[in-house]
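Inspection log for the structure reproduced underneath, given as structure tokens.
The values are calculated or read from the model by the stated rules, or taken from the named source; none is laboratory data. All values reported here derive from a predicted model rather than from experimental measurement. Don't worry about glycine lacking a Cβ; one is built from the backbone with ideal geometry, like all the others, and counts go over all protein chains shown. For accessibility, only protein heavy atoms count, side chains too; no ligands or nucleic acids. Shrake-Rupley method; radii C 1.70, N 1.55, O 1.52, S 1.80 Å.
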Amino acid sequence: MAELVRIPDAKVALSTASVYPEPTATAFETAARLGYDGVEVMVWTDPVSQDIEALRRLSDHHGVPVLAVHAPCLLITQRVWAKDPWEKLQRARSAAERLGASTVVVHPPFRWQRSYAQDFVDGIWRMADETDVRFAVENMYPWRYRDREMLAYAPDWDVTNQDYRHFTLDLSHTSTARNDALEMAARMGDRLTHVHLADGTGSGKDEHLVPGRGKQPCAELLERLAASGFAGHVVVEVNTRRAMSAAERDADLAEALAFTRLNLATAAPRGAR
């Protein structure tokens, strides 16, 4: 007797960062053509990524919803939208609300953002209480130079050491940190609502490889999410900068989508209908 296959309600999205250095508009077109369920907008120096009406027009034109907004938390986006990090999060929340996205992805503060870091955990809870949008705090990693580590994030790069309502699990970051992704997912428990799917070799660099090309348990994590009925978003966030052509980039992103969908499908328990 053939086993039933159960597919969770999780949607598979394409991060606009996955087409970098191509612009945000390319990600919408690519997501539509390859069959992704939506996009996660990485807010960065591309003016379109910062423009809510431009994003809405792209979403409507391509029929691709914005499922998540990644707040501008990177070193290169320190002046995007505002200098004040709380204002950045407020604008990210507003963008998510206006675009119909359910999630804002946010990194923990840099250690030199002392006042922001000191109030970050409580502040995220306060903001979460003011909206239906989920603030999903993302695991990071220690910075390394040769054999030395620098703790660049506060309160901690390992976000499971703090009490957050929602988490984003990034598998390229677990590779860079050299920790156990499945163990981290277990610690996050039902507060794991968002996944950045990518791979890594444990080299210490934030590689964001196509899933299946590194050493991270990408397939195992997806299988566990499927078995648990995960209903959040799985976002393909890979590095395609080395692609020699648009066709090669498309092939990488199509492979990542196929890998994700295949491993999110799991055999239902016996007796299920």
Listed residues 69, 145, 258: farthest to the positive end of the dipole of the chain (Cβ charges): 145
Consider all pairwise Cα distances in the range 78-152 and report the whole-number % of them above 14 Å. 65
For residue 196, list long-range residues whose amide hydrogen, built 1.01 Å from N in the peptide plane, is under 5 Å from its own amide hydrogen. 169, 170, 171, 235
At q = 0.08, 0.09 Å⁻¹, work out log10 I(q)/I(0) for the chain with the Debye formula, treating every Cα as an identical point scatterer and leaving solvent out; two decimals please. -0.30, -0.39
Based on DSSP H runs of at least 4 residues, each adding -39500 (n - 2.57), what is the mean residue ellipticity at 222 nm of the chain after dividing by all its residues, to the nearest 500 deg cm²/dmol? -11000 deg cm²/dmol
Using DSSP H assignments, which helices in the chain have an axial alpha-carbon span of 24 Å or above and a mean Kyte-Doolittle hydropathy of -0.5 or higher? 246-264
Share of carbon and sulfur in the accessible heavy-atom surface of the range 161-237 [1.4 Å probe, %]: 46
Using Cα pairs closer than 8 Å and at least 6 residues apart in sequence, work out the relative contact order for the range 8-120, in percent. 21
Under 29 Å Cα-Cα from residue 83, which lysines qualify once same-chain neighbours fewer than 8 residues away are excluded? 205
Residue separation between residue 74 and residue 51 times 0.36 nm, minus their alpha-carbon distance, gives in nm 6.5 nm
Rounded to the angstrom and largest first, Cα extents along the principal axes for the range 144-225 equal 36, 32, 15
Net lengthening on full extension, residue 33/residue 244 (0.36 nm per residue, minus Cα-Cα): 74.0 nm
Cβ-defined net charge surrounding residue 253, 15 Å radius [Lys, Arg +1; Asp, Glu -1]: -4
Can you give the longest stretch of the chain with no exposed loop site, where a site means GluC sites (Glu not before Pro) in a DSSP loop (not H, G, I, E or B) with at most 11 other C-beta atoms within 10 Å? 131-273
For the range 150-271, what relative contact order do you get, as a whole percent, if you take Cα pairs closer than 8 Å and at least 6 residues apart? 22
Would you work out the relative contact order for the chain, in percent, from Cα pairs under 8 angstrom that are 6 or more residues apart? 21
Quick one: Debye curve from the C-alpha atoms of the range 177-273, no solvent, what's log10 I(q)/I(0) at q = 0.11, 0.14, 0.20 Å⁻¹? -0.36, -0.56, -1.03
Neighbour-limited loop hits for trypsin sites (Lys or Arg not before Pro), the range 1-81 (at most 13 other Cβ within 10 Å; DSSP other than H, G, I, E, B): 79
Sparse-neighbourhood loop hits (trypsin sites (Lys or Arg not before Pro), the range 183-266; DSSP loop; Cβ within 10 Å at most 16 others) -> 205, 215, 241, 242
In the range 93-127, the chymotrypsin sites (Phe, Trp or Tyr not before Pro) that fall in loop regions by DSSP, at most 15 other Cβ within 10 Å: 112
Identify the residues of the range 153-168 with backbone N under 14 Å of a label point that sits 7 angstrom from the Cα of residue 125 along the Cα-to-Cβ direction, or state none. 162-166
Spin-label pair residue 146/residue 161, simplified geometry with 7 Å Cα→Cβ offset, distance in nm: 2.5
Tell me, what is the FRET efficiency for residue 255 and residue 190 to the nearest 0.05, using R0 = 41 angstrom and their Cβ-Cβ distance as r? 0.85
Find how much the distance from residue 182 to residue 201 grows on full extension, using 0.36 nm per residue of separation minus their present alpha carbon separation; answer in nm with one decimal. 5.3 nm
Starting from 0 in steps of 5 Å, tell me what percent of the Cα-Cα pairs of the range 22-169 lands in each bin. 2, 10, 19, 21, 19, 14, 9, 5, 2, 0
Residue 125 neighbourhood, Cβ < 13 Å, K/R = +1, D/E = -1, net charge -1
Local net charge near residue 31, Cβ-Cβ under 13 Å (Lys/Arg +1, Asp/Glu -1): -3
